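The block underneath contains the structure these notes are about, expressed in structure tokens.
The values are calculated or read from the model by the stated rules, or taken from the named source; none is laboratory data. All values reported here derive from a predicted model rather than from experimental measurement. Ideal geometry is used to build each Cβ from the backbone, glycine not excepted, and the neighbour counts take in all protein chains shown. Please note that ligands, DNA and RNA were not included when accessible areas were found on the heavy atoms of the full protein model with its side chains. Shrake-Rupley method; radii C 1.70, N 1.55, O 1.52, S 1.80 Å.
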Amino acid sequence: DAMPSVATYVADYEDPVHAKAVVDLLDGYARDPYGNSGPLPDEVYASLCPTLAKTPGAFSVVATVDGVAAGLINCFQGFSTFKCKPLINVHDVFVHPDHRRAGLVQAMMAVVEDVAKERGACKLTLEVLSNNAPAKGSYAKFGFKNYELDPAQGHAEFWEKTFR
């Protein structure tokens, strides 16, 4: 058996093949217990890539295994006021269950880091569920760590307020 061929690319939201990969993989993530535990609504599935294409700073990295889309990272550009430079927030990370623990996250994160450096970003940020040990291990391996300014003040927490 030959080793599977892994490739990565920054998605072109207007390319139908790329757009299908992005929405299909995000739907896989949405259905995952660490995602939303249910499929993407039809309106999100239909409008995601056209909306991402109009969102300043948005980009997605797709990983393929033997030509089949198997991993996705969606990112958004933000801004660090303390550094007065852009930052890249890694918003969604998903690898199809059939292809986990095969280095896809590391390969995609390398592309994310390249894009971030091309944009002059000072750092990457992400959120992770506290009980998602496999993801935390992968992120730590890539160099992420809990965010803190001063250990005496504690580490950052990610909060949200949803609107109906």
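Phi-derived couplings, Karplus 6.51 cos²θ - 1.76 cosθ + 1.60 at θ = phi - 60°, listed residue by residue for region 153-162: 8, x, 9, 5, 10, 9, 10, 8, 10, 8 Hz, with x used for Gly and Pro. The calculated FRET efficiency for LEU149 paired with ASP66, based on their beta-carbon distance and R0 = 41 Å, is about 0.40.
Taking the centroid of alpha carbons for each part, region 63-138 and region 1-57 are 14 Å apart. Annotation note: chymotrypsin sites (Phe, Trp or Tyr not before Pro) in region 107-164 located in DSSP loop regions with a Cβ neighbour count of at most 14 within 10 Å are TYR147, PHE158, TRP159, PHE163.
For a quick check of your reading of the filter: which chymotrypsin sites (Phe, Trp or Tyr not before Pro) in region 14-83 sit in a DSSP loop and have no more than 12 other Cβ atoms within 10 Å? Hits after loop and neighbour filter: PHE82. Qualifying GluC sites (Glu not before Pro) in region 64-164, where qualification requires a DSSP coil assignment and no more than 10 other C-beta atoms within 10 Å, comprise GLU157, GLU160. Taking the Cα atoms of the chain, the ratio Rg/Rh between the radius of gyration and the Kirkwood radius comes to 0.96.
Ignoring any ligand, DNA or RNA, what whole percent of the accessible area of region 82-129 comes from carbon and sulfur when the probe is 1.4 angstrom?
Details: 1430 of 2740 Å².
With neighbouring chains kept in place, the figure for region 82-129 is 52 percent.
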